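Below is one structure, written out as structure tokens; the observations come after it.
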Amino acid sequence: MIGVLAIQGDFAAHIKALRRIGAEAVEIRSKNDFDDISGLILPGGESTTMLKFFENEDLGESIKEFAGSGKPVFGTCAGAILLAREVYNPTQASLGLIDMVIERNGYGRQVDSFVGTAQAIAEFGIVEAVFIRAPRIKSVGPRVEILARFNGEPVLVRERNILAATFHPELTGDERTHRLFRDMISYAE
């Protein structure tokens, strides 16, 4: 079963995308909800708001422990920001689960949101990518695999059991990114 953090953002769209590919999905709202899941999605939304919730509910440590056990975690947009080692524009805390530096609102404000096409690894080809107040990955560590790029910049990356996308795959009909995450979970089990 795949958990989707359901405190903010379009978590329902992730659940629908997972169900379309035949995966069981459940909403996660507290650290007690982690017991029955094999993978976790951190959706888009507002990363600073999510961090405050993490502090109030001690959820950040639970996510770190979950990832530390080898279980896959996937962050999209604000979720990717939360997973990064370093965040700026402005600087903020993060979970530090993937070796990347990320810039908040890297493509501009809400009015600058757009749909583009990302060039992915060979078996993926072209991926439709919805960027909404999207962050930009400014650098990645040597163990981070770049799975897709937009205008030459990384937009989908993976390090061990952590997957991060600066776009919203749940808002398209393209199921490949969710399938990739499901496959990561199957491999980890």
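Among the listed residues ALA165, ALA129, ALA148, which satisfies the condition of being touching a Gly at 6+ places or on another chain (Cβ under 7 Å) and surrounded by 16 or more Cβ atoms within 10 Å (Cβ to Cβ)?
Only one candidate passes the filter, namely ALA129.
Within the range 23-46, can one find any residue that is assigned to a helix (DSSP H, G or I) and of a type in the set (Gly, Ala, Ser)? First the steps, then the outcome.
Here is the first cut: in the range 23-46, the ones assigned to a helix (DSSP H, G or I) are 31-34.
Narrowing the set further to residues that are of a type in the set (Gly, Ala, Ser) leaves none.
No, the conditions are met nowhere in the range 23-46.
Which of the residues that make up the range 35-53 are farther than 21 Å from LYS16 by Cα and either aliphatic (A, V, I, L, M) or touching a residue at least 40 places away in the same chain (Cβ under 8 Å) (or both)?
SER47, THR48, THR49, MET50, LEU51, PHE53
Restricting the search to the range 65-104, which residues are hydrophobic (A, V, I, L, M, F, W, C) and free of Cβ contacts under 8 Å to residues at least 12 places away in the same chain?
Within the range 65-104, none qualify.
Any chance you could count how many residues in the range 132-145 are loosely packed, with under 12 Cβ neighbours inside 10 Å and more than 15 Å from MET100 (Cα to Cα)?
Total satisfying the criteria: 0.
Could you grab the pairs with beta carbons closer than 9 Å, sequence gap of 6+ or different chains, first residue in the range 144-158 and touching a residue at least 12 places away in the same chain (Cβ under 8 Å), second one acidic (Asp, Glu) and assigned to a strand (DSSP E or B)?
Final answer for the pair search is VAL144/ASP99; VAL144/GLU159; GLU145/GLU159; VAL157/GLU145; ARG158/GLU145.
In this structure, does VAL157 turn out to be more than 17 Å from HIS14 (Cα to Cα), part of a strand (DSSP E or B) and either in contact with a helix residue (DSSP H, G or I) (Cβ under 9 Å, 6 or more places away or on another chain) or modelled with pLDDT of 95 or more (or both)?
The answer is yes for VAL157.
Given the conditions (1) over 20 Å from LYS138 (Cα atoms); (2) among the small types (Gly, Ala, Ser); (3) part of a loop (DSSP other than H, G, I, E, B), report the number of the one that GLY96 does not fulfil.
It is condition (1) that GLY96 fails.
When only residues in the range 173-186 that are in a loop (DSSP other than H, G, I, E, B) and among the charged types (D, E, K, R) count, which is farthest from ARG20 (Cα to Cα)?
Of everything passing the filter in the range 173-186, ASP174 is farthest from ARG20 (Cα to Cα).
Which one is nearest to MET1 (Cα to Cα) among residues in the range 26-82 that are among the aromatic types (Phe, Trp, Tyr) and surrounded by fewer than 24 Cβ atoms within 10 Å (Cβ to Cβ)? First the steps, then the outcome.
Quick first cut of the range 26-82, residues among the aromatic types (Phe, Trp, Tyr) only: 34, 53-54, 66, 74.
Imposing the further condition that a residue be surrounded by fewer than 24 Cβ atoms within 10 Å (Cβ to Cβ) reduces the set to 34, 53-54, 66.
Values: PHE34: 10, PHE53: 23, PHE54: 22, PHE66: 14 Å.
Among residues in the range 26-82 that are among the aromatic types (Phe, Trp, Tyr) and surrounded by fewer than 24 Cβ atoms within 10 Å (Cβ to Cβ), the one nearest to MET1 (Cα to Cα) is PHE34.
Filter the range 83-93 for residues that are surrounded by 15 or more Cβ atoms within 10 Å (Cβ to Cβ) and in contact with a Lys or Arg (Cβ under 8 Å, 6 or more places away or on another chain) and give the result.
Of everything in the range 83-93, those that are surrounded by 15 or more Cβ atoms within 10 Å (Cβ to Cβ) and in contact with a Lys or Arg (Cβ under 8 Å, 6 or more places away or on another chain) turn out to be VAL87, GLN92.
Kindly indicate which of GLU170, GLU128 is more than 17 Å from ALA67 (Cα to Cα), of a type in the set (D, E, K, R) and part of a helix (DSSP H, G or I). Reasoning before the result, please.
On the way: GLU128 fails: part of a helix (DSSP H, G or I).
So the residue among GLU170, GLU128 that is more than 17 Å from ALA67 (Cα to Cα), of a type in the set (D, E, K, R) and part of a helix (DSSP H, G or I) is GLU170.
Which of the residues belonging to the range 108-121 are assigned to a loop (DSSP other than H, G, I, E, B) and under 12 Å from VAL155 (Cα atoms)?
The answer is ILE121, and nothing else.
The values are calculated or read from the model by the stated rules, or taken from the named source; none is laboratory data. Note that the coordinates shown come from a computational prediction; the quantities given were computed from them, not determined experimentally. For neighbour counting, all protein chains shown are included, and Cβ atoms are generated from backbone atoms with ideal geometry for every residue, glycine included.
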